[in-house]
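Right, one structure below, let's go through it.
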Amino acid sequence: MAMPINVPNGLTMARLVGSLCIWPILAIETHTWVWVMSVTLVFVFLCATDYFDGFLARRWHQRTAFGECLDPIADKVLVVLTIVALLKYHNLSGITVIAMVFVLFREIIVSGVRGYLGQVGRTIPTLWTAKLKTGVQMIGLGFMVVGDALDMLLPLFSDYLVNVHMMGESIFIVGALLGFYSAVKYSEILLVALAHIEPVRRN
């Protein structure tokens, strides 16, 4: 399937390719304002493309099958690579690690279910709660990505019980809970879809 060349698809591809920068960025152990600002701009841009690619595709009537297929893949790549990088380079609370493992398994299972249903001619609509959980998870991941550096550069936060990194973990956990809720809803839709799939007859 050739990629139709337009701005929305370009933004989706930028998010997909840009996600590969997350690992080397977090591998750099530095706590400077230049690093914080650079990483923040990169991460905000990548997350913003998740909104603008769909918005522009609808606004400019440039929706394509390729874009609709690639968009959720780019979302998953960004979230998964950021989670894996944070697990390797950052110290996280036990509950956050559990939430991240759940999110990773959820993305794998949902992708597998979508692929299976696609083979039998069925589709699962994207739920608004699924879109919301992606946004919340990205915000939480963004806070965690720059949290340690900001907490070092802004020692005044050490006087409070909550710092930037902890805020990120808390927001991400909320996103994981939204992911669990949407997974339950997807399960209900899947059961209905499976009930209408005719069994394969073997001679």
Please work out if Val39 is part of a helix (DSSP H, G or I) and loosely packed, with under 14 Cβ neighbours inside 10 Å. no
Quick one: Ile22 ticks every box in (1) at pLDDT 90 or above; (2) surrounded by 15 or more Cβ atoms within 10 Å (Cβ to Cβ); (3) within 18 Å of Glu169 (Cα to Cα) except a single one, so which number is it? (1)
Scan of the range 67-113 for residues that are surrounded by fewer than 14 Cβ atoms within 10 Å (Cβ to Cβ) and either farther than 23 Å from Val44 by Cα or in contact with a Lys or Arg (Cβ under 7 Å, 6 or more places away or on another chain) (or both), ordered by number: Ser93, Gly94, Ile95, Ile98, Val101, Phe105, Ile108, Ile109, Ser111, Gly112
Could you check His31 against (1) in a loop (DSSP other than H, G, I, E, B); (2) surrounded by 18 or more Cβ atoms within 10 Å (Cβ to Cβ) and say which number it fails? (2)
Go over the candidates Tyr89, Tyr51 one by one and state the one that is under 21 Å from Val103 (Cα atoms), under 18 Å from the mean Cα position of the chain (by Cα), at pLDDT below 90 and not polar (S, T, N, Q). Tyr51
Can you name the residue in the range 63-81 that is among the β-branched types (Val, Ile, Thr) and assigned to a helix (DSSP H, G or I) and is also farthest from Val103 (Cα to Cα) among such residues? Ile73
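The values are calculated or read from the model by the stated rules, or taken from the named source; none is laboratory data. Since this is a predicted model, take the numbers as computed values, not measurements. Ideal geometry is used to build each Cβ from the backbone, glycine not excepted, and the neighbour counts take in all protein chains shown.
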